[in-house]
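Heads up, the thing below is written out as C-alpha cells.
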Amino acid sequence: VKASLVLLLAFGAFSGLERFAGKAFGWRLLGYSIAAFIVPAIWAARGRRSPYPYASDILFVLPFLIDTIGNALNLYDTIDWWDDANHLVNWALHTSAVGLLLRYGEWTPATRVALAFGYAVTTAVLWEFAEFVTFVPNSPEAVTAYADTLFDLFNGMVGGLIGAVVTSRLPLLRRL
C-alpha cells in the first residue's frame, strides 16, 4: 500500500499530466509520504512491542492511496459523487485505524468513541484548511468551495463516527 502510494504520488507530482495540475501534488507527495510512516513511528517510539498493528497501519494509509488513485484516474472531475464518497469512506477508514489503536488502552467504549470521533472532526477540519491553502483559492473550485467544504466536513464527521462506533465495539487488546 505504501509503495503504491509513494510511486503514484511521484508520478502525479512529476508527470506533467493535466489531471494533476493545480492539485498540490508536490505537497501531497511530501505530506502523504510522512503520514504513511506515522503508525510505524509511534510503534517504534513505544518500544516496538509485538504485535505490530498492521490493520491500523493499512487503514491509516489506505485513504491517502484512494485519494491519489481518484486523482490519477480523474475521478474527482468525472464522477459527481466521488469527492463526497471519499470524505465519508476515507474518514471511516482513518478513524477506524485510530479506533483500533485505542483498543490497546484502558478506555471504556464510550471514551474510545469520543477520542476517535474527536480525531475525525479535527483532521477533517485540518484537511479542509489544507485544501483551501494549497489549491482552492486559485482554482475554478473557489466559487463553490464554501458549500463543498461544509459537505466535506459533514461527510468526514459521519464517516468518522461510523469508524469510531464500529471499532469501539471491538474488545480491548493488551497494551502496545
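The values are calculated or read from the model by the stated rules, or taken from the named source; none is laboratory data. It should be emphasised that the depicted structure is a prediction, and the values quoted were computed from it without experimental measurement. Every residue, glycine among them, receives a Cβ derived from its backbone with ideal geometry; neighbour counts consider all protein chains shown. In case anyone asks, the SASA skips ligands and DNA or RNA and just uses the protein heavy atoms, side chains included. Shrake-Rupley method; radii C 1.70, N 1.55, O 1.52, S 1.80 Å.
When the helices in the chain are scored as -39500 (n - 2.57) per DSSP H run of 4 or longer and the sum is shared across all residues, what 222 nm value do you end up with, to the nearest 500 deg cm²/dmol?
The per-residue figure over the chain is -23500 deg cm²/dmol.
If you roll a 1.4 angstrom probe over the protein chains with everything in place, what fraction of the accessible area of the range 137-176 belongs to carbon and sulfur, to the nearest %?
C and S atoms contribute 70 percent here.
Sort 56-64, 34-42 by the packing proxy (mean of other Cβ within 10 Å over each peptide's residues), most packed first. Don't jump to the answer; show the numbers that get you there.
Numbers: 56-64: 21.7, 34-42: 15.0.
Ranking, from highest mean packing down: 56-64, 34-42.
Anyone know which of ALA147, ALA130, ALA72 comes out most mobile in the 10 Å Cα GNM of the chain?
ALA147
Based on the Cβ-Cβ distance from ALA55 to PHE129, what FRET efficiency comes out when R0 is 45 Å, to the nearest 0.05? Can you show the working numbers first?
Numbers: r = 29 Å, r/R0 = 0.64.
Computed FRET efficiency for ALA55 and PHE129: 0.95.
Solvent-accessible area per residue for the chain at a 1.4 Å probe radius, Å²?
Numbers: 9600 Å² over 176 residues.
Heavy-atom accessible area per residue stands at 55 Å².
For ILE79, what accessible surface area do you get with a 1.4 Å probe? Give it in Å², rounded to 10.
Probe radius 1.4 Å; accessible area of ILE79 about 50 Å².
Which residue fluctuates most in the GNM of the chain (Cα springs below 10 Å): LEU30, LEU100, LEU115?
It is LEU30.
From the convex hull of the Cα coordinates of the chain, what is the mean projected area in square nanometres?
So the Cα hull casts an average projection of 10.0 nm².
Ranked from the most accessible area to the least, with a 1.4 Å probe and all protein chains present, what is the order of ARG112, ARG49, ARG19, ARG103?
ARG49, ARG19, ARG103, ARG112
Just by accessible area at a 1.4 angstrom probe, what is the order of LYS2, LYS23 from largest to smallest?
Most to least solvent-accessible, the answer reads LYS2, LYS23.
Nearest 10 degrees, 0 to 90: what angle lies between the long axis of helix 145-168 and the longest principal axis of the chain (Cα atoms)?
Around 20 degrees separate the two axes.
Compute the long axis of helix 109-134 from its Cα atoms, compare it with the longest principal axis of the Cα atoms of the chain, and write down the angle in degrees, 0 to 90, nearest 10.
It works out to around 20 degrees.
For GLU131, what is the net charge nearby, where nearby means another residue's Cβ is under 12 Å from its Cβ and Lys, Arg count +1, Asp, Glu -1? Can you show the working numbers first?
Details: positive: LYS23, ARG28; negative: ASP67, ASP83, GLU128, GLU141, ASP148, ASP152.
For residues surrounding GLU131, the net value is -4.
At 4 °C and a viscosity of 1.567 mPa s, what translational diffusion coefficient does Stokes-Einstein give for the range 1-55, taking Rh as the Kirkwood radius over Cα pairs? Give it in µm²/s as a whole number.
The estimated diffusion coefficient comes to 102 µm²/s.
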